[in-house]
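Trainee: Pasting a structure below so you can have a look.
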Amino acid sequence: MNRSLTIILIVAILSLAWWRLQPTEEASRRTRLLMGTVVEIIAEGQNADLAINKAFAEMERLDRLLSRHKKNSEVSQLSARVKGVKISAETAAVINMGLAVADDSDGAFDMTLGRLKNLWALDTTEPTIPSPQEIKAALSDGGPGALRVDGLKLRKQSPELQVDLGGIAKGYIVDRAASVLKEHGIANAAINAGGDMYLLGQKTGRPWRIGIQNPRASETVLDTVHVSNLAVVTSGDYERFFEQDGIRYHHIFDPRSGMPARGCRSVTIIADSVALGDALATAVFVLGPEKGLRLLEKYPQAAGLVVAADGSLHESPGWENYREEQ
Ligand code: AMP
Ligand code: MG
């Protein structure tokens, strides 16, 4: 090898080593109120501020499409129409994903609970326990088959049916935000939208460490997982609830009874997409620990940890792979 080539090689190797020893760039961290929750994005890289702005803008755009609280959203338009409406490919994708989980969970995941949700009014300052008659009426036109997607046409079986994508839309929106960050060259980032998380790449050279909150003691952690390029999504009975006569009434409903589902305190799903994790967390919550974990057997790309109503912990076989070694 000639001498100058050797010198160039040594310089190259040394500069590489120097670069590797540099502390990682400061991460940018920003929050915004979106989709009724605080969304936090942490991203590393030169382009991070711009990328985060773009990701927030994308989340706002999709929220305008999918929220039932926005009058002109496609979801609101559908609820106002008698039979159906033409929808965008994105809305169709979310609903199709939700319908697949609805099918696999025998209807435990149900995107036709809009009227029931209004009745309970858990989003307001005056939530109420509806009467059995009111619940029966609100459930009368929903359930499997009440909502169908035909290409870009969404059809509903009954004029009164109100669509609610609250159990899946946030996940889909976080997936899109992660894609925007990647499109802007970001390799390492975390997005957290009130328990719907996506962890891109690594944090200072290691997989992201995520603590799973104890649903009855927000400051304590039940378990810790290591994840990279994965979603971690939690559904819990502590997110939105009120108590009356010592009973907790929360926002995840069993479509068979119209009452808050009673089998779990929280469900955390690790999955390859936030949308899937979101829908599965809600579905497993409704099904309870045994049936819920059986549902996860249909999804090899997902793992779950369930805190049952009695406080006991149940995990799917795949969960172990992510657990931090003690
Ligand atoms: P999550 O926090 O993802 O479990 O979603 C809870 C939200 O999903 C609620 O606020 C409702 O908008 C909606 N939801 C409640 N019960 C169900 C259900 N059984 N299937 C699908 N979505 C539901
Ligand atoms: Mg969900």
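Trainee: Show me, for the range 199-210, the HN-Hα J-couplings you get by feeding each phi into the Karplus relation (A = 6.51, B = -1.76, C = 1.60, θ = phi - 60°), rounded to Hz, glycine and proline as x.
Mentor: 10, 9, x, 9, 10, 6, x, 9, x, 5, 9, 10
Trainee: State which helices in the chain qualify, where a helix is a whole DSSP H run, it must extend 15 Å or more along its own axis by its Cα atoms, and its mean Kyte-Doolittle hydropathy must be at least 1.6.
Mentor: Sorted by number, the helices that extend far enough and score high enough are 3-21, 274-287.
Trainee: Sticking with this structure for a sec: For the range 144-288, rounded, prolate or oblate, judged on the Cα gyration tensor with a ≥ b ≥ c (square roots of eigenvalues), a/c < 1.5 rounded, else prolate if a/b > b/c?
Mentor: In terms of gyration-tensor shape, oblate.
Trainee: Near Lys70, which lysines are there with a Cα under 19 Å away, not counting those fewer than 8 places off in the same chain?
Mentor: Within the straight-line limit of under 19 Å, Lys70 reaches these lysines: Lys86, Lys117, Lys170.
Trainee: What is the local net charge at Leu122, summed over the other residues whose Cβ is closer than 13 Å to its Cβ (Lys, Arg +1; Asp, Glu -1)?
Mentor: Charge balance in the 13 Å sphere: -3.
Trainee: Please find the FRET efficiency linking Asp310 to Asn118, where r is the Cβ-Cβ separation and R0 is fixed at 35 Å, and quote it to the nearest 0.05.
Mentor: My answer for the efficiency is 0.65.
Trainee: Need one number: nm distance between label points at Arg30 and Lys83, each 7 Å from Cα along Cα→Cβ, rounded to one decimal.
Mentor: Spacing of the two 7 Å Cα→Cβ label points: 4.5 nm.
Trainee: Grab the Cα-Cα distance for Lys54 and Asp245, subtract it from 0.36 nm times how many residues apart they are, and report the gain in nm with one decimal.
Mentor: That works out to 64.1 nm of additional length.
Trainee: If you don't mind, there's one more thing I want to ask. Work through the residues other than Thr234 whose Cβ is under 10 Å from its Cβ and net out their charges, Lys, Arg +1 and Asp, Glu -1.
Mentor: Net charge in that neighbourhood comes out at -3.
Trainee: Once the other residues with Cβ under 10 Å from the Cβ of Ala138 are scored (Lys, Arg +1; Asp, Glu -1), what is the net sum?
Mentor: Every neighbour counted, the sum reads 0.
Trainee: On to the next question. Excluding residues fewer than 8 places away in the same chain, name every one of the lysines whose C-alpha is closer than 19 Å to that of Lys83.
Mentor: Counting by Cα, and skipping residues close in sequence, Lys83 has these lysines nearby: Lys71, Lys153, Lys156.
Read the figures in this text as sums done on the coordinates, not as results from a lab. Everything quoted here is computed from the prediction, not taken from an experiment. Glycine also receives a Cβ, built like all others from the backbone with ideal geometry; neighbour counts cover every protein chain displayed.
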